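Just below is one structure, and these are the notes that go with it.
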Amino acid sequence: MLLTYKKINWKTQICFAFCFGLNLIKTAFVTILLLLPGAAVNLTLVTPEKAIKLAANDFFRHHFSKSGKGLTVIKEMLSGCAAGTCQVIITTPMEMLKIQLQDAGRLAAQRIIASVPSAKHATASPVLTRAYNVTPVPVMRKISATQIAAELFRAHGISGLYKGLGATLLRDVPFSVIYFPLFANLNKLGQRSASEKAPFHVSFLAGCVAGCTAAVAVNPCDVIKTRLQSLNRGAHEESYRGIVDCARKLWIKEGPAAFFKGASCRALVIAPLFGIAQVMYFVGVGEYILGIPQYSLKP
């Protein structure tokens with residue numbers, strides 16, 4: 001089966017197809033399910049990130065199928081590998097800013113707790129029980145993603161926003177290598193013939209299963225990436241010199257289970273995210289809005 005495009009710019013096709021769909025997805029699932037600082041960064045940058053990822057995958061799949069021999073699993077994996085490599089242009093600064101925002105809130109809360117005197121060390125006094133004599137509780141100062149980005153750029157230049165690039169590649173490339181071939185083959189199971197699209201629910205379920213599987217498989221890489229990109233650490237938190245050092249310390253001090261921390265939450269978000277994204281892509285929302293003819297499938 002060979003993809004034949006009808007005078008269509010693949011960049012325009014993919015980018016506009018996901019502008020509507022992915023913003024809806026992230027609003028519904030990431031903001032509601034995670035409810036963490038950094039959601040605004042996700043909402044802003046996830047559209048170009050996914051646009052690059054899926055556009056690149058389609059571009060390389062189309063390129064590898066030009067010979068007319070069809071796509072083997074190896075070629076599908078290579079397409080996914082290339083797509084994962086392209087997306088880190090957006091993913092790395094997005095993850096970097098999101099983690100710094102989450103860390104800022106966590107560390108500020110720790111400082112507030114540490115500044116409040118413990119009840120067991122307090123001296124009992126009737127005067128201190130009066131509301132107007134109680135010491136005011138410190139208030140957390142909110143930090144925006146723009147402030148963090150400006151500080152990182154001022155201190156480290158553009159490389160500051162791309163700290164953890166190697167670890168991000170280590171996560172996103174294997175994810176795409178697993179996800180795209182798995183989705184394509186699961187989706188084919190719902191096609192009645194090579195010239196027809198799979199039904200709506202098949203594409204959704206294929207995206208959910210493939211996304212969930214890939215997310216859990218690369219979770220150890222995601223844990224390492226998060227630890228490396230965390231610049232501000234607490235008093236008793238470990239520091240790391242690189243990917244190997246981080247993996248070694250995690251294994252020794254926290255055990256193998258540390259590599260799968262948050263795997264269930266990640267799978268819970270990634271599964272519907274990619275399920276809906278693939279449905280939006282195959283339905284052709286962007287093409288419909290722009291009046292662009294969608295690609296045709298020729299056996």
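Check Gly84, Gly80, Gly70 and return the single one that is farther than 19 Å from Gln278 by Cβ and at pLDDT 70 or above. From the options Gly84, Gly80, Gly70, the qualifying one is Gly70.
Hey, any hits in segment 217-226 for a residue that's over 30 Å from Ile148 (Cα atoms), open to solvent by 40 Å² or more (accessible area, probe 1.4 Å) and of a type in the set (A, V, I, L, M)? Yes. For segment 35-50, state whether one or more residues are modelled with pLDDT of 85 or more and either open to solvent by 20 Å² or more (accessible area, probe 1.4 Å) or part of a helix (DSSP H, G or I) (or both). Checked segment 35-50: no residue is modelled with pLDDT of 85 or more and either open to solvent by 20 Å² or more (accessible area, probe 1.4 Å) or part of a helix (DSSP H, G or I) (or both). Residue-level analysis places Leu231 among those that are touching an Asp or Glu at 6+ places or on another chain (Cβ under 8 Å) and either of a type in the set (Gly, Ala, Ser) or modelled with pLDDT under 90 (or both). Going through (1) without any contact (Cβ under 8 Å) to a residue 60 or more places away in the chain; (2) part of a helix (DSSP H, G or I); (3) among the basic types (Lys, Arg) one by one, Lys225 falls short only on (1).
Results for (1) of a type in the set (Lys, Arg); (2) surrounded by 16 or more Cβ atoms within 10 Å (Cβ to Cβ); (3) assigned to a loop (DSSP other than H, G, I, E, B); (4) out of contact with any strand residue (DSSP E or B) (no Cβ under 7 Å at 6 or more places or on another chain), shown as yes or no for each residue.
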{"site": "Ala150", "(1), (2), (3), (4)": "no, no, no, yes"}
{"site": "Arg171", "(1), (2), (3), (4)": "yes, yes, no, yes"}
{"site": "Phe180", "(1), (2), (3), (4)": "no, yes, no, yes"}
{"site": "Ala184", "(1), (2), (3), (4)": "no, yes, no, yes"}
{"site": "Ser195", "(1), (2), (3), (4)": "no, no, yes, no"}
{"site": "Ala206", "(1), (2), (3), (4)": "no, yes, no, yes"}
{"site": "Ala214", "(1), (2), (3), (4)": "no, yes, no, yes"}
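Out of the residues in segment 174-212 meeting the condition of being modelled with pLDDT under 90 and among the hydroxyl-bearing types (Ser, Thr, Tyr), tell me which one is farthest from Leu54 (Cα to Cα). Here the residue is Ser193.
The values are calculated or read from the model by the stated rules, or taken from the named source; none is laboratory data. All of these numbers come straight from a predicted model, not from anything done at the bench. Neighbour counts run over all protein chains shown; Cβ positions are idealised from the backbone, glycine included. The area values use the complete protein model at the heavy-atom level, side chains included, leaving out ligands, DNA and RNA. Shrake-Rupley method; radii C 1.70, N 1.55, O 1.52, S 1.80 Å.
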